[in-house]
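Provided herewith is a single structure, encoded as structure tokens, for subsequent inquiry.
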Amino acid sequence: MYKQFTTDILHLPTFILNDEGERVEDGWVLGVEPKPQSHLCPLCFQESINHARNKYRILRHAWVSTQETIYIRVPIHRQRCEDCGITWTVEWPEIPVRGNVTVHFKQMIARRCIGQSFEAVARNMAVPPSTVASWFYTYAEETLARPADYEAPTALCMDEFAHKRGHSYSVALQDAHTGHVWQTHPGKSRERIQEGLRRYPFQAPEVIVTDMAPGMAQTVHEISPETAIVVDKFHVIQLFTQALDRARKLEGTNGTSHKNIRHQRRLLMAHPKHLKSEEKETLRTWLGENPELKKQWVALQKFRDIYRAKSYKKAQKALEDWCSHYLFEGTNATKSIAKTILKWKQEILNHFTYKLTNARLEGTNNLIKTLKRRSYGCPNMYHFDLRIRMECRPPA
């Protein structure tokens, strides 16, 4: 019973243990043998007989948490056909024809690469980094989610990320509900985005969440006319926070140390409910000394109130009231923001219909940045795409 159990947890379904194992310096060597079965001749398809050879192969098979390696001793199994007179070596799916490691060991190493660099895994497992990378990409190609096995996502998040900032970019398409990246496509121009949408492996989604890049809505609608566009809430609020930061720099009492600058930015950009009582008092005093800065800050808080609307109609009414007021009142920066918001009015209001944001994809972008640092850059774009899809959340 224990032999069958040990064989099962070692992922060797076509083998059985034939002894209790042998202790070696860095782990254990377990003897296994194939389960009894018949083998047909590859030429005449007649029954063959075993051609005994007293030879074995020892392969690395697993690595356990006690920092020890499990090896398996596999007999070289030969068969002979008496009719044809040929002799051949039997191949097993778990045991490669060449090499000194099993398929299970390669897959185990590949799984350990998720969240770690190839160099770190290679150092811990005493395997060359190039070999680890080869095993990982082979495993990734075999195990990645296939679009044919899943239903088409109804909502997508779309955003760009940099391979090399200022030089090369790609656009990612992520399932807004599961967080799985289904596609990355090089380039961020209008033509490249449309090319990526044409190659998208599913039918056109019901809605796409994106940032406020110029012409983005028109770019998508030329490929998918029925797809609704939702402008990400974060990017709308970012219009105000960037304007506040510019006003802070122009204001004469801004801090000079990094700590003071971060503190001032937090006071201006955080929602008041997230500030402590002493921070609120500091902010109140600061804004009282700078009326222009206060006008911009008040405009931001009033716009945040729009996102608290419970229905589409209430949000529409609040947005129209906000725009009609700040198109003519407030600072020049606020007037400019109001004009931009009017251009994206319908896409902003779509948020209240679909209740979607780009938060998942923004988090994935941070993961991609970490992945680039771990990988010291990824010059091979195909491999980079594989790593991104392996690192992000799997589809439900």
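Would you mind calculating the gained length between K335 and A204 on full extension (0.36 nm times residue separation, minus the Cα-Cα distance), in nm to one decimal?
Extending this stretch completely gives an extra 43.6 nm.
Which residue, G363, F384, H271, has the largest displacement toward the positive end of the dipole of the chain when charges sit on each Cβ (Lys, Arg +1; Asp, Glu -1)?
After comparing all options, I get H271.
Quick one: in the chain, what % of C-alpha pairs are over 25 Å apart?
Beyond 25 Å sits 70 percent of the P(r) for the chain.
While we're here: Normalised radius of gyration for region 66-109, please: alpha carbon Rg relative to 2.2 N^0.38 Å, two decimal places.
Against the empirical 2.2 N^0.38 Å value, I get 1.58 for region 66-109.
What list of ³J(HN,Hα) values in whole Hz, one per residue of region 236-249 in order, does the Karplus curve 6.51 cos²θ - 1.76 cosθ + 1.60 (θ = phi - 60°) give from phi, with Gly and Pro shown as x?
So the J values, rounded to whole Hz, are 5, 5, 5, 4, 6, 5, 5, 5, 5, 5, 5, 5, 4, 5.
Dipole of the chain (Lys/Arg Cβ +1, Asp/Glu Cβ -1, origin at the Cα centre): which of T102, V181, C84 lies farthest to the positive side?
Projecting each Cα onto the dipole axis, the largest value belongs to V181.
Tell me the volume per residue, in Å³, of the convex hull enclosing the alpha carbons of region 35-119.
127 Å³
May I pose another question? Name the residues whose placed amide hydrogens come within less than 5 Å of the amide hydrogen of H163, ignoring near sequence neighbours (fewer than 5 apart) on the same chain.
Placed amide hydrogens put S168, Y169, S170 under 5 Å from H163.
Normalised by the number of residues in the chain, what is the relative contact order in percent for Cα pairs under 8 Å and 6+ residues apart?
Relative contact order for the chain comes out at 13 percent.
Please compute the contact order of region 76-127 in relative form: average sequence separation of alpha-carbon pairs under 8 Å and at least six residues apart, divided by the residue count, as a percent.
18 percent
Report, by chain and number, residues whose modeled amide H sits under 5 Å from the one on L156, excluding near sequence neighbours (fewer than 5 apart, same chain).
Under 5 Å from the amide H of L156: A176, V207, I208, V209.
Also, I was wondering about something else. Sequence-distant or interchain residues sharing an amide H contact under 5 Å with I16, placed H: which?
E33, K35
Run through region 74-148 and list the GluC sites (Glu not before Pro) located in a DSSP loop whose Cβ has at most 11 other Cβ atoms within 10 Å.
E82, E91
Alpha carbons only, please: Rg and Dmax for region 253-383, in angstrom.
For region 253-383, the Cα radius of gyration and maximum Cα-Cα distance read 19.2, 55 Å.
While we're on this one: Just how large is the dipole of the chain about the Cα centre, in debye to the nearest 20, putting +1 at every Lys and Arg Cβ and -1 at every Asp and Glu Cβ?
The dipole of the chain has a size of about 1740 debye.
By how many degrees, 0 to 90 and rounded to 10, does the Cα axis of helix 103-112 deviate from the longest principal axis of the chain?
In the chain, helix 103-112 runs at an angle near 20 degrees to the longest axis.
Specify which residue in the list A396, Y307, L293 is farthest towards the positive end of the charge dipole of region 242-396, using unit charges on the beta carbon of Lys, Arg (+1) and Asp, Glu (-1), about the Cα centre.
The residue sitting most towards the positive pole is A396.
How big is region 264-318 by the Kirkwood estimate over distinct Cα pairs, in Å?
For region 264-318, the Kirkwood estimate is 12.4 Å.
Let me ask something else. Could you go through region 224-234 in sequence order and give the Karplus-derived ³J(HN,Hα) for each residue, using 6.51 cos²θ - 1.76 cosθ + 1.60 with θ = phi - 60°, rounded to whole Hz, and x for Gly and Pro?
Taking θ as phi minus 60°, the curve returns 10, x, 8, 7, 7, 10, 10, 7, 4, 4, 4 Hz for region 224-234.
Right, here's the next one. List, in order, the whole-Hz ³J(HN,Hα) value for each residue of region 143-158 obtained from phi through the Karplus relation with A = 6.51, B = -1.76, C = 1.60 and θ = phi - 60°; use x for Gly and Pro.
Each residue of region 143-158 in turn: 10, 4, 4, 9, x, 5, 8, 10, 6, 5, x, 8, 9, 10, 9, 10 Hz.
Given Cα pairs under 8 Å that are at least 6 residues apart, what percent is the relative contact order of region 1-124?
After rounding, I find 19 percent.
Starting from the Cα of K339, draw a straight line to each of the aspartates and glutamates and keep only those under 17 Å, dropping any in the same chain fewer than 8 residues away.
Within the straight-line cut-off, K339 pairs with D211, E320, D321, E329, E347.
FYI, it's all coordinate maths here, none of it is from the lab. Just so we're clear, the structure is a prediction, and the values are computed from it rather than from any experiment. All Cβ positions, glycine included, derive from the backbone under ideal geometry; neighbour counts span all protein chains shown.
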